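Report on one structure; see the data block that follows.
The values are calculated or read from the model by the stated rules, or taken from the named source; none is laboratory data. These figures come from a predicted structure and were not determined experimentally. We place every Cβ from the backbone using ideal geometry, glycine too, and count neighbours over all the protein chains shown.
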Amino acid sequence: MNPYIDDDLATLAEHARRFAAGRVAPGFLERDATRVLDRALMREMGEMGFIAPELPEAHGGQGLGCLAAGVIHEEIARADLSLSYINLLASLNGQILSEHGQPEVVAPWLAKLTQGEALFAIALTEPRGGSDAANLRLRVERVGQHYVLNGEKTSISAADQADAAVVFGRTGSIESAAHGVTALLVPMDLPGVTRNRFDCHGQRAIGRGSLFFENVRVPVDHRLGEENKGFVQVMQGFDFSRALIGLQVLAVARVALEETWEYVAQREAFGKPLSAFQGVSHPLADFDTQIEAARLLCLQTLWLKDKGAPHTAEAAMCKWWGPKLAYDAIHQCLLMFGHGGYDRGPMEQRLRDVLGFQIGDGTAQIMKTIVARTRAGRSAVPA
């Protein structure tokens, strides 16, 4: 019994789990090896209503709420964390477009996004940094009815595969810091956009890379939010994605634990199942307990968002605790499988995949600072 998941959400989760088990899981290892994201599978997810279901119907969604997005998200992640990036990027970017974009501009993109016909990137990080808005250097200059972009974004998820991106650039002075940053919807087929792909440790199907902008002209009506206020306005949507990330990585850890419990109950040593030894069962019990608690925190955060209640601190907790806990739990599971876990296969891929979330989308240090500022006040925890 879960206080946040009613019968309708439980039915939705079961529907998503059957799809994930039948369609997503079978290609898990192949997508990691080939580094190819299955666009046909993405379209299937869109047809089934699994992409950004929280968006209003007027914006291509189903108006089901953020908890609905969360339960679908974790079921896809159970089968393949890298593929579940489709859900994560759609929910984050979909919220940004629907809340801050001009309807006539974003409506076609939102329809493509929810139908699985378009993949979006979020382009914030630069070679000089990402969390520190004062370090953003991508230049955005107003020229008539266009903004002209020059600069580089790096470590961008889906950089070489995205059809469009929400790009943060500097329209104000460096001294204006976060208050001089503007967000734009940038189609990736515009002249002057080039990109590459990194050879990353994990999350290889979705990939990461750099985006380069050389005199890229973007219509003014593609601005998201107000000029010079994009960072402050648009970044509020990250509270949503941080809770989703928590569910995403914890789902991977949960399935790893399920498989490990089954394995240690069947494999014997010294005439007993491995689970009979406390050195085996107690570490697994510890992680099972913590993961259950962390998952409840993520669900509570989405519940608070659906209620319109403050949830910034809770979202930051999800983002720093979830990835670390998931990595440690999967590491323990891998060790329980011995050399079988160390071989190329599901367990080692899961370990590689979740590690990336301790780096990207907001580091643990930044998340803990957010929690501290929420509790003690910003003036008591200065930058």
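A compact table of results
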{"item": "Unique match (being crowded, with 16+ Cβ neighbours inside 10 Å and under 23 Å from residue 235 (Cα atoms)) among 360, 341", "result": "360"}
{"item": "Members of region 158-191 found to be out of contact with any Leu (no Cβ under 7 Å at 6 or more places or on another chain), polar (S, T, N, Q) and touching a residue at least 24 places away in the same chain (Cβ under 8 Å), listed by number", "result": "171, 176, 182"}
{"item": "The one condition in (1) closer than 16 Å to residue 20 by Cα; (2) crowded, with 24+ Cβ neighbours inside 10 Å that residue 39 fails to fulfil", "result": "(2)"}
{"item": "Residue in region 328-341 that is in contact (Cβ under 8 Å) with a residue 24 or more places away in the chain, outside any helix (DSSP H, G or I) and not assigned by TED's automatic domain parsing to the domain that holds residue 201 present", "result": "yes"}
{"item": "Test: residue in region 49-71 that is modelled with pLDDT of 95 or more, under 19 Å from residue 258 (Cα atoms) and surrounded by 15 or more Cβ atoms within 10 Å (Cβ to Cβ)", "result": "yes"}
{"item": "Counted residues, region 210-242 - those being modelled with pLDDT under 90 and not small (Gly, Ala, Ser)", "result": "8"}
{"item": "Pairs where the first residue, in region 254-278, is touching a residue at least 24 places away in the same chain (Cβ under 8 Å) and the second is β-branched (Val, Ile, Thr), C-beta under 8 Å, 6+ apart", "result": "254/291; 256/330; 257/291; 264/280; 274/264; 274/280"}
{"item": "Verdict on residue 23 being surrounded by fewer than 21 Cβ atoms within 10 Å (Cβ to Cβ), touching a Leu at 6+ places or on another chain (Cβ under 7 Å) and not assigned by TED's automatic domain parsing to the domain that holds residue 204", "result": "yes"}
{"item": "Residues located in region 342-383, provided they are among the hydroxyl-bearing types (Ser, Thr, Tyr) and in a helix (DSSP H, G or I)", "result": "342, 369, 374, 379"}
{"item": "Hits in region 140-190 (condition: among the charged types (D, E, K, R), assigned to a strand (DSSP E or B) and either at pLDDT below 95 or in contact with a His (Cβ under 9 Å, 6 or more places away or on another chain) (or both))", "result": "170"}
{"item": "Single match in 265, 243 (criterion: crowded, with 24+ Cβ neighbours inside 10 Å and in a helix (DSSP H, G or I))", "result": "243"}
{"item": "Sole exception among (1) in contact (Cβ under 8 Å) with a residue 24 or more places away in the chain; (2) in a strand (DSSP E or B) for residue 194, by number", "result": "(1)"}
{"item": "Single residue of 250, 299 found to be touching a residue at least 60 places away in the same chain (Cβ under 8 Å), touching a Phe, Trp or Tyr at 6+ places or on another chain (Cβ under 6 Å), within 26 Å of residue 86 (Cα to Cα) and assigned to a helix (DSSP H, G or I)", "result": "299"}
{"item": "Helices (runs of 4 or more DSSP H) contained in region 1-101 and holding at least 2 residues basic (Lys, Arg)", "result": "7-19, 39-47"}
{"item": "For residue 48: the one exception among (1) touching a Ser or Thr at 6+ places or on another chain (Cβ under 7 Å); (2) free of Cβ contacts under 8 Å to residues at least 40 places away in the same chain", "result": "(1)"}
{"item": "Residue list for region 357-383, filter: modelled with pLDDT under 90, on the phi < 0 side of the Ramachandran plot and among the charged types (D, E, K, R)", "result": "378"}
{"item": "Residue match in region 121-131 (condition: touching a residue at least 60 places away in the same chain (Cβ under 8 Å) and buried (at least 24 other Cβ atoms within 10 Å of the Cβ))", "result": "yes"}
{"item": "Out of 310, 283, sole residue that is at pLDDT 95 or above and of a type outside the set (A, V, I, L, M, F, W, C)", "result": "283"}
{"item": "Residue tally, condition of a type in the set (A, V, I, L, M, F, W, C) and under 15 Å from the mean Cα position of the chain (by Cα), over region 323-363", "result": "5"}
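For (1) closer than 21 Å to residue 110 by Cβ; (2) without any contact (Cβ under 8 Å) to a residue 60 or more places away in the chain; (3) in contact with a strand residue (DSSP E or B) (Cβ under 8 Å, 6 or more places away or on another chain), each residue gets a yes or a no:
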position	(1), (2), (3)
13	no, no, no
29	no, no, no
52	yes, no, no
60	yes, yes, no
